[in-house]
Amino acid sequence: FFHTRLVAACEKVVTADGKAGIGKCVILNSYFAYFDRIWPEKELSKHHPYIRCRVEQAKNAIAAGMGKMSVIILELPFIFGSMPNRIPLWKDVFVDRFLKSKIIFFPRGGTNMIAVEHVGEGIIGALEHGEHGKHYTIGDENHSYNEMFDMMFSALGMYKKIINIPRFIAVIAGILINRKWKNKGLEGGLDARYLMRDILTNNLFFDPSDSAEKLKYGRGGLKESIISTMKACYPEKFED
């Protein structure tokens, strides 16, 4: 599934771009590929099909553009913001799961986040200043998941108590999730067991200053982007 959409399709587009004489191409990749490089002991691309395909996407796209066009890779963290007439993915895949619960049980970890406006600026910056074959991990701010939840639900005027579950309990929960998927004939792009062990219970933090300086994109305004995301997810809660 992921190989067809992320690797094969992307490689075809880059190959066609090169034949058409296009000079530069920017691939929107994932910061999971960055952590796969700096945490080789966790073997993220081995355990997670989605991450493996993101790594292959970048590698194959760069190879397809070699000698024909410049291919620049942007590695993106959690993205907040909105666009007209679109409901953010955050609603269905994340926030709805916690909306009715008074208590949120979640691993103790954190992540970098970025406002969607700065993703756009990063793309333009990559076209203007990026180098072929280079990976730029871009972002705005590092926050714990607890802080992220607070910002998201505060925007909705709600308070949620957060209880951080220990890593070993999170791993057990991941094993049970995998078993549930398997019984349904499903396989996750992120293996739930290793997702709990190596990703959600760790801080996926990095310093984006170098990429921001090289690509000349702005930073800040993350809280406002989170509010914008919540408004797009639940416009009825902002009618007053």
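The values are calculated or read from the model by the stated rules, or taken from the named source; none is laboratory data. Everything quoted here is computed from the prediction, not taken from an experiment. Note: ideal-geometry Cβ built from the backbone for every residue, glycine included; neighbour counts use all protein chains shown. Each accessible area value is taken on the protein alone, full model and side chains, heavy atoms only, with ligands, DNA and RNA left out. Shrake-Rupley method; radii C 1.70, N 1.55, O 1.52, S 1.80 Å.
Just the residues that are part of a strand (DSSP E or B) and open to solvent by 20 Å² or more (accessible area, probe 1.4 Å), please, taken from segment 51-75.
Filtering segment 51-75 for residues part of a strand (DSSP E or B) gives 70-75.
Result: SER70, single match.
Scanning segment 158-183 for residues that are of a type in the set (Lys, Arg) and over 18 Å from TYR145 (Cα atoms) turns up ARG179, LYS180, LYS182.
Selection of segment 184-226 for residues being under 14 Å from HIS48 (Cα atoms), surrounded by 14 or more Cβ atoms within 10 Å (Cβ to Cβ) and more than 15 Å from the chain's Cα centre (by Cα) yields GLY188, ASP191, ALA192, ARG193, TYR194, MET196, ARG197, ASP198.
Looking across segment 113-154, the residues that are open to solvent by 20 Å² or more (accessible area, probe 1.4 Å) and small (Gly, Ala, Ser) come down to GLY120, GLY133, SER144, SER154.
May I ask you to verify whether GLY157 is out of contact with any Ser or Thr (no Cβ under 9 Å at 6 or more places or on another chain), open to solvent by 20 Å² or more (accessible area, probe 1.4 Å) and more than 18 Å from PHE205 (Cα to Cα)? Talk me through it step by step, then tell me what you get.
Values: out of contact with any Ser or Thr (no Cβ under 9 Å at 6 or more places or on another chain): yes; open to solvent by 20 Å² or more (accessible area, probe 1.4 Å): yes; more than 18 Å from PHE205 (Cα to Cα): yes.
Against the criterion (out of contact with any Ser or Thr (no Cβ under 9 Å at 6 or more places or on another chain), open to solvent by 20 Å² or more (accessible area, probe 1.4 Å) and more than 18 Å from PHE205 (Cα to Cα)), GLY157 qualifies.
Entry remark, segment 14-36: residues being surrounded by 11 or more Cβ atoms within 10 Å (Cβ to Cβ) and without any contact (Cβ under 8 Å) to a residue 12 or more places away in the chain number 1 in total.
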